[in-house]
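Trainee: Take a look at the following structure, please.
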Amino acid sequence: MKRIPRALLSLAIAATVAASANASSLLDYVGQCVPFARAASGIQIYGNAWTWWEQADGKYERTHVPKEGAVIVFAKTARLPFGHVAVVSRVVEKRVVMLTHANWSRQNGERGHAEQDVTLFDVSRNNDWSDVKVWYKDVDGLGGGIYPVYGFIYGKAHAAPELTSRNPDYVGALIDAYVPVSGKPIGR
């Protein structure tokens with residue numbers, strides 16, 4: 001039996017997710033974060049988002065350093081009873097990255113939509129990405145919640161090409177993350 005290269009498998013999975021949602025693009029996806037992250041990153045883990053961190057142990061590299069194409073795993077909390085997973089689309093600077101994910105903000109009154117190049121800001125005391133704030137469309141800025149994070153899982157395949165836009169708004173991401181007047185990070 002001939003083996004399919006991982007990069008082609010990832011693209012096939014992304015196309016399957018897009019097709020299953022009657023979508024012409026991965027960014028047209030509407031659904032849960034887990035199938036979206038799996039299709040966008042090529043990381044083949046299943047189950048609730050918060051379980052990905054432990055499941056990745058021994059299968060994928062786990063770290064606390066973001067890189068493009070990595071999946072960030074949010075811990076299970078009262079606000080996120082299943083956790084959350086998202087894919088890093090761009091690293092802007094050491095405490096600011098952009099995510100592409102599904103099922104976070106409401107769009108047209110409903111959850112589940114994919115969002116591209118969303119600001120994620122490290123607000124952890126030790127600059128280790130253990131606590132973050134996420135851009136939230138409903139308030140047009142960083143949401144008020146601070147979310148605990150397990151870390152980043154590095155995939156072995158190439159991430160979907162639609163993960164980031166052609167011209168992402170780096171300046172907007174930095175403005176989202178930092179107080180423009182003082183230039184200091186938004187505190188806890």
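Trainee: Could you tell me which of the residues Val123, Val73, Val97, Val91 is in contact with a Phe, Trp or Tyr (Cβ under 8 Å, 6 or more places away or on another chain) and modelled with pLDDT of 90 or more? Please lay out each step first, then the result.
Mentor: Numbers: Val123 fails: in contact with a Phe, Trp or Tyr (Cβ under 8 Å, 6 or more places away or on another chain); Val97 fails: in contact with a Phe, Trp or Tyr (Cβ under 8 Å, 6 or more places away or on another chain); Val91 fails: in contact with a Phe, Trp or Tyr (Cβ under 8 Å, 6 or more places away or on another chain).
After ruling out the rest, the residue left standing is Val73.
Trainee: Counting only residues that are among the β-branched types (Val, Ile, Thr) and not in a helix (DSSP H, G or I), which one in the range 126-143 is modelled with the lowest pLDDT?
Mentor: Top of the filtered list is Val134.
Trainee: Further, regarding this structure: Output the residue which, of all residues in the range 144-162 that are in a strand (DSSP E or B) and among the aliphatic types (A, V, I, L, M), is nearest to Asp57 (Cα to Cα).
Mentor: Within the range 144-162, the first condition is being in a strand (DSSP E or B), and the residues that meet it are 147-154.
Within this subset, residues satisfying the condition of being among the aliphatic types (A, V, I, L, M) are 149, 153.
On the way: Val149: 16, Ile153: 9 Å.
Result: Ile153.
Trainee: Here are Val71, Val96: which of them is aliphatic (A, V, I, L, M) and over 18 Å from Gly143 (Cβ atoms)?
Mentor: Val71
Trainee: Could you give me the residue pairs with C-beta distances under 8 Å whose first residue belongs to the range 165-180 and is buried (at least 17 other Cβ atoms within 10 Å of the Cβ) and of a type outside the set (Gly, Ala, Ser), whose second residue is in a loop (DSSP other than H, G, I, E, B) and at pLDDT below 80 wherever it lies, and which are 6+ apart or on separate chains?
Mentor: Sorted first by the residue in the range 165-180, then by its partner, the pairs are Tyr178/Lys184; Tyr178/Ile186.
Trainee: A follow-up question, please. Could you tell me whether any residue of the range 47-67 is closer than 18 Å to Asp176 by Cβ and touching a residue at least 60 places away in the same chain (Cβ under 8 Å)?
Mentor: Yes, the range 47-67 has at least one match.
Trainee: Quick one: is Val85 part of a loop (DSSP other than H, G, I, E, B) and either within 12 Å of the chain's Cα centre (by Cα) or at pLDDT 95 or above (or both)?
Mentor: When the stated conditions are applied, Val85 does not pass them.
Per-residue answers, yes or no, for (1) small (Gly, Ala, Ser); (2) over 24 Å from Ser105 (Cβ atoms):
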{"site": "Cys33", "(1), (2)": "no, no"}
{"site": "Ala37", "(1), (2)": "yes, no"}
{"site": "Ala40", "(1), (2)": "yes, no"}
{"site": "Ala56", "(1), (2)": "yes, yes"}
{"site": "Val73", "(1), (2)": "no, no"}
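Trainee: Against the condition under 16 Å from Ile45 (Cβ atoms), in contact with a strand residue (DSSP E or B) (Cβ under 8 Å, 6 or more places away or on another chain), surrounded by fewer than 18 Cβ atoms within 10 Å (Cβ to Cβ) and of a type in the set (Val, Ile, Thr), how does Thr63 come out, does it pass?
Mentor: Yes; evaluated as a whole, the condition is true for this residue.
Trainee: With respect to the numbered conditions (1) within 16 Å of the chain's Cα centre (by Cα); (2) in a loop (DSSP other than H, G, I, E, B); (3) among the acidic types (Asp, Glu), which one is the sole condition not fulfilled by Glu115?
Mentor: (2)
Trainee: Here is a follow-up. What is the one condition in (1) under 14 Å from Arg95 (Cβ atoms); (2) touching a Lys or Arg at 6+ places or on another chain (Cβ under 8 Å); (3) surrounded by fewer than 18 Cβ atoms within 10 Å (Cβ to Cβ) that Ser130 does not satisfy?
Mentor: Only one criterion is unmet by Ser130, namely (2).
Trainee: Further, regarding this structure: Name the residues in the range 25-60 that are within 19 Å of Lys156 (Cα to Cα), in contact with a strand residue (DSSP E or B) (Cβ under 6 Å, 6 or more places away or on another chain) and not in a helix (DSSP H, G or I), would you?
Mentor: Ile43, Tyr60
The values are calculated or read from the model by the stated rules, or taken from the named source; none is laboratory data. As the structure is a prediction and not an experimental result, all values here were calculated from the model. All Cβ positions, glycine included, derive from the backbone under ideal geometry; neighbour counts span all protein chains shown.
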